[in-house]
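Notes follow once the structure below has been shown.
The values are calculated or read from the model by the stated rules, or taken from the named source; none is laboratory data. Values in this document were obtained by computation on a predicted structure and should not be read as measured data. No Cβ is skipped: glycine too gets one built from the backbone with ideal geometry, and neighbour counts run over all protein chains shown.
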Ligand code: SF4
Ligand code: SF4
């Protein structure tokens, strides 16, 4: 695209970014009319919903400004009500009540970005999420109307392994299964940590043996979460049998 612009407009400087520079992309997207920032804090496009990627061409060209997109959440509060951790918090009135995402309460942040031990208070709230959450996008009516992509790049590559399989993975098997996918971002340690927490929250007795096996891991973070999960699971089993 930049080549076409250069051909039409001559020489000018450009830098292309796709989540690769410290830019608040959704703010620019909103101002350029691509969509509005919903109560779930995502950019929402009227046709595409919020499951989209934002890319930018920074340029030295002097361009005419577009108009910001209108706010179309209306009185909807589905995402706020559906968030299991109350991570969408009000920040004041803009166009309708404005909300911010408190990352310290967000399952996506805990399960993907947070390295090392999860706060004790977060573990039960993680439920059985292994990587990300996005409930606040799943429930958004604008995503229900959006078309599902048929692009090959976005089709599932591997059948998703079940919890038993991922709990027994070696670091090499993790790399083989999740290398070059977004899941790689958690690294082996973070993923196994999340697996232990999910098994603890599941209430399923069959996971106890696997969790005991995870306590043999050489990684103290995995051991810590496996021990937490064993205690949690035993409590849940006891309650279900009482
Ligand atoms: S990703 Fe999940 S936890 Fe985070 S704000 Fe959305 S619904 Fe809440
Ligand atoms: S669920 Fe409702 S309030 Fe939340 S972002 Fe979508 S339209 Fe806006």
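Listed here are the residues, each with its yes/no results for (1) assigned by TED's automatic domain parsing to the domain that holds residue 49; (2) away from ligand 2 (no atom under 16 Å from the Cβ); (3) within 21 Å of residue 227 (Cβ to Cβ).
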residue	(1), (2), (3)
89	no, no, no
109	no, yes, no
115	no, yes, yes
118	no, yes, yes
121	no, yes, yes
126	no, yes, yes
140	no, no, no
154	no, yes, no
166	no, yes, yes
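Of all residues in the stretch 189-209, those being without any contact (Cβ under 8 Å) to a residue 60 or more places away in the chain and buried (at least 19 other Cβ atoms within 10 Å of the Cβ) number 4. Scanning the stretch 16-57 for residues that are more than 19 Å from the chain's Cα centre (by Cα), away from ligand 2 (no atom under 12 Å from the Cβ) and part of a loop (DSSP other than H, G, I, E, B) turns up 32, 33, 34, 47. Just one of the listed residues (147, 70) is touching a residue at least 24 places away in the same chain (Cβ under 8 Å), outside the structural domain of residue 226 (by TED's automatic domain parsing) and more than 13 Å from ligand 2 (Cβ to nearest atom), namely 147.
Residues in the stretch 69-90 that are surrounded by 11 or more Cβ atoms within 10 Å (Cβ to Cβ) and in contact with a strand residue (DSSP E or B) (Cβ under 8 Å, 6 or more places away or on another chain): 69, 71, 72, 73, 79, 80, 87, 88, 89, 90.
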